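**Q** I am attaching a structure below and will ask some questions about it afterwards.
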Amino acid sequence: MMAKMKVGVLGAGQLAQMLAEASERLGVEVICAGRPGDCAERVAPVLAVELDNAAMVAAFAERVDVVTIESENIDAEVLRGLKLFPNAKAVGIAQDRLVEKTFLQACGIEVAPFAAVGSAEDLPAAIAKTGLPGILKTRRMGYDGKGQARIYRTDETVAAWKAVGEVPSILEGMVKFDVEVSLLAARDGEGKIVFWPLIENHHRDGILRRSDAPYVNVKLQVLAEGYLKKIMEELEYVGVLAVEFFVQGDLLIANEMAPRVHNSGHWTIEGSQTSQFENHLRAIAGMELGSTISKPMVMLNCIGWMPEENETAKFAGLLRHDYGKSARPGRKVGHLTFPAGETAAIAEWEKRLLERG
């Protein structure tokens, strides 16, 4: 009997947890690197590894057949030399907003106007390039609205610089857009790519609150698929990639890319023939990619509060995912997924979640 392929995940949060859950259908064993008590430990072994320690990460990689990530905030230098999918180059680009924007431009993809900011003194020249209003973002380590400050007037620059921690940053011009969408794709080692439908996303306080799939626009679907194909081929990418876009008429303006499974694609667990988690594992394990045929779904994030099971059980169409994390303001602790036709239940739960978090 052949031994199970071992996939090592750097990180042991909810994305690692959902990868481990998907692995059970594939006969693949997922082992996570993180801290004992992390939420993935409920479904997979978690080994104590400091993810900024190159020696510990390398030792962990020796125990598995292939390595992947659940966050792009691991220093790419720690990742070099590992049998890693996606590769360290892709991760390195995604973890630095300035490098990422420059790369996307080089791929022929529209982005918001941007400028590098290394000090408060750089801000006047950056504003001259991007215009106002703008968003000052740390180049590295920002997520869910953290490490960001909006600038509407020139007299707000000093406060914004302090708000982002006075670290290397990027100023982006704010884009007027119709809606924000994301596209997820999976690419295998032979270069085959499958795409899910475009997803419409809604944020509050910089945190994703709701995703609706599909966002139906044939022209933009084709355009987005072409953009992701270009990125993936340029990077010799293997695994799932997500890119967020602003829709501006017939234009797509790229906001950011994530070299991993992505929050806006969690609905694929119940809504697609093959979820983003299963196809990510299929891609990095050398298996054939699964079908991404999907049905209309809505996902709501649970921020700062996870409803009790007896509350959600009253709604027949509601699908509950509890990450097992302690609640605190602004923290994603779970998500709820609904068939798109369950409009009354969706409206009720969206209201409840926004009121609580």
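**Q** Give me the pairs: first residue in region 51-64 and over 19 Å from residue 30 (Cβ atoms), second residue crowded, with 20+ Cβ neighbours inside 10 Å, beta-carbon distance under 6 Å, and six or more apart or on different chains, which are they?
**A** Final answer for the pair search is 54/78.
**Q** Restricting attention to region 24-41, which residues are more than 17 Å from residue 60 (Cβ to Cβ) and among the small types (Gly, Ala, Ser)?
**A** Correct list: 27, 37.
**Q** Just give me the residues in region 80-97 being over 28 Å from residue 171 (Cα atoms) and either without any contact (Cβ under 8 Å) to a residue 60 or more places away in the chain or surrounded by fewer than 22 Cβ atoms within 10 Å (Cβ to Cβ) (or both), in sequence order.
**A** Those that are over 28 Å from residue 171 (Cα atoms) and either without any contact (Cβ under 8 Å) to a residue 60 or more places away in the chain or surrounded by fewer than 22 Cβ atoms within 10 Å (Cβ to Cβ) (or both): 80, 81, 82, 83, 84.
**Q** Here is a further query. Does any residue of region 207-227 turn out to be touching a Lys or Arg at 6+ places or on another chain (Cβ under 7 Å), under 16 Å from residue 258 (Cα atoms), touching a residue at least 24 places away in the same chain (Cβ under 8 Å) and buried (at least 17 other Cβ atoms within 10 Å of the Cβ)?
**A** no
**Q** Further question on the same structure: Looking at this structure, is residue 260 in a loop (DSSP other than H, G, I, E, B), crowded, with 17+ Cβ neighbours inside 10 Å and basic (Lys, Arg)?
**A** yes
**Q** Sort out which residues of region 237-251 are farther than 12 Å from residue 91 by Cα and aromatic (Phe, Trp, Tyr), and write them in order of number.
**A** 245, 246
**Q** Scan region 98-117 for residues that are open to solvent by less than 50 Å² (accessible area, probe 1.4 Å) and either in contact with a helix residue (DSSP H, G or I) (Cβ under 7 Å, 6 or more places away or on another chain) or part of a loop (DSSP other than H, G, I, E, B) (or both) and jot them down. Give the derivation first.
**A** So in region 98-117, the residues open to solvent by less than 50 Å² (accessible area, probe 1.4 Å) come out as 98, 100-101, 103-104, 107, 109, 111-112, 114-115, 117.
If the condition is that a residue be open to solvent by less than 50 Å² (accessible area, probe 1.4 Å) and either in contact with a helix residue (DSSP H, G or I) (Cβ under 7 Å, 6 or more places away or on another chain) or part of a loop (DSSP other than H, G, I, E, B) (or both), then 100, 103, 107, 109, 111, 112, 114, 115, 117 are the ones that fit.
**Q** While we're looking at this one, here's another question. In the list 70, 24, 62, which residue meets the criterion of being surrounded by fewer than 15 Cβ atoms within 10 Å (Cβ to Cβ), charged (D, E, K, R) and within 28 Å of residue 243 (Cα to Cα)?
**A** One residue alone meets the criteria, 24.
**Q** Can you go through 46, 57, 9 and tell me which one is touching a Lys or Arg at 6+ places or on another chain (Cβ under 8 Å) and surrounded by 16 or more Cβ atoms within 10 Å (Cβ to Cβ)?
**A** 46
Results for (1) in contact with a strand residue (DSSP E or B) (Cβ under 6 Å, 6 or more places away or on another chain); (2) at pLDDT below 95; (3) among the aliphatic types (A, V, I, L, M); (4) buried (at least 20 other Cβ atoms within 10 Å of the Cβ), shown as yes or no for each residue.
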site	(1), (2), (3), (4)
146	no, yes, no, no
181	yes, no, yes, yes
187	yes, no, no, yes
195	yes, no, no, no
230	no, no, no, no
235	no, no, yes, yes
245	yes, no, no, yes
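**Q** Give me a count of the residues in region 295-312 that are assigned to a loop (DSSP other than H, G, I, E, B), closer than 12 Å to residue 336 by Cβ and open to solvent by 40 Å² or more (accessible area, probe 1.4 Å).
**A** Result for region 295-312: 0.
**Q** Filter region 138-172 down to the residues that are touching a residue at least 24 places away in the same chain (Cβ under 8 Å), part of a loop (DSSP other than H, G, I, E, B) and within 16 Å of residue 114 (Cβ to Cβ) and list them by number.
**A** Once the filter is applied, which keeps residues that are touching a residue at least 24 places away in the same chain (Cβ under 8 Å), part of a loop (DSSP other than H, G, I, E, B) and within 16 Å of residue 114 (Cβ to Cβ), region 138-172 yields 139, 140, 142, 164, 168.
**Q** Being of a type outside the set (Val, Ile, Thr) and crowded, with 16+ Cβ neighbours inside 10 Å is the filter; apply it to region 118-131 and report the residue that is farthest from residue 180 (Cα to Cα).
**A** Going through the qualifying residues, I end up with 122.
**Q** Moving on. Do any residues in region 115-134 that are farther than 18 Å from residue 96 by Cα have Cβ atoms under 8 Å from those of residues that are in a helix (DSSP H, G or I) and open to solvent by 60 Å² or more (accessible area, probe 1.4 Å), where the two are at least six apart or on different chains, and which pairs are they?
**A** 120/158; 124/154; 127/154; 132/154
**Q** While we're looking at this one, here's another question. Being touching a Phe, Trp or Tyr at 6+ places or on another chain (Cβ under 6 Å) and buried (at least 23 other Cβ atoms within 10 Å of the Cβ) narrows it down to one residue among 239, 265; which is it?
**A** Every option except 239 fails the conditions.
The values are calculated or read from the model by the stated rules, or taken from the named source; none is laboratory data. A quick note: this is a predicted structure, and the numbers were derived from the prediction, not measured. Here Cβ is always computed from backbone atoms with ideal geometry, including for glycine, and neighbour counts include all displayed protein chains. These accessible areas exclude ligands, DNA and RNA; they are computed on the full protein's heavy atoms, side chains included. Shrake-Rupley method; radii C 1.70, N 1.55, O 1.52, S 1.80 Å.
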